[in-house]
Amino acid sequence: MTSPPARDSMDKGTGGSGDGAAHADRNLDTGTRAKGGTAARGDGAAHRDRDAAGRPRNARPRDELGRPLSRGAAGDPPSDNEVALPPASALSLAQQLIRDDRPFRAHEVLEAAWKAAPAAERELWQGLAQVAVGLTHAQRGNSRGAVALLRRGARGVSEFSARCPHGIDAARIAGAADGLADLIERAGLAVVSRDDLHVRLTPPWNPDPVS
């Protein structure tokens, strides 16, 4: 049996006792990158990976579930999640990634869209990204983190049920996320199928957004 991948920010506080699940994926919860705090503690902060603009960026490869691997290991290279696609393209790509069982990468696409969205839409995109994080936790076997993020994402998306920006069926997405959280709470991840994790983000009249 191979050693488990190193834990990342999505793993912290979601698998143990207490209320740690409420703190899963802090970036998605707060809408900001961490400043100071843990990043400034100890000498290791001076050696953090950074992008060309000097921003902190984890350059380690990740496995198919988005968990960071050891440096030099084979895996998905880090994606440029600072580049936001137009809304329709972001939704299409995120949907394709979810269908391909890669919700972590879908969350990166949606997070970039959230950061670039006008203020009136940010909660929607944040909620969509959180739903994708919930799916990632489910893939990782973390039922507590999955339920916490699915419900949080559903709450954010449901605020847009009456407006439907970009043709997004917010009520349907929120209902699907809440329904999946209910299933996990009631029966556990063992009964969750691959199809259950393919939550649809795109309108139902566009079932195959990416060829």
When Asp182, Asp195 are arranged by how many other beta-carbons sit within 10 Å of their Cβ, fewest first, they go Asp195, Asp182
Diffing the range 149-163: the Karplus 3J(HN,Hα) column from phi (6.51, -1.76, 1.60, θ = phi - 60°), in whole Hz with x for Gly and Pro, holds 6, 4, 5, 5, x, 4, 4, x, 5, 4, 5, 10, 4, 8, 9
Between His198 and Ala120, Cβ-based FRET efficiency (R0 30 Å, step 0.05) works out to 0.55
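Show me the ranking of peptides 145-152, 95-102 by mean Cβ neighbours inside 10 Å, starting with the highest. Could you put the intermediate results ahead of the total?
Details: 145-152: 26.0, 95-102: 18.9.
Descending packing order for the listed peptides: 145-152, 95-102.
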Pseudo-spin-label distance Glu159 to Arg186, built 7 Å along Cα→Cβ, given in nm, is 2.9
HN-Hα couplings for the range 121-132 via Karplus (6.51, -1.76, 1.60; θ = phi - 60°), in whole Hz with x for Gly/Pro, come out as 10, 5, 5, 5, 5, 4, x, 4, 4, 5, 4, 5
Relative contact order of the range 87-197 (C-alpha contacts under 8 Å, at least 6 apart) in percent is 21
Taking placed amide H atoms and a strict 5 Å upper bound, the residues 5 or more places from Arg62 or on another chain that come that close are Leu69, Asp76
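The numbers here are math on the coordinates, done by the rules we state, and not lab data. Source: prediction; values computed, not measured. Glycine also receives a Cβ, built like all others from the backbone with ideal geometry; neighbour counts cover every protein chain displayed.
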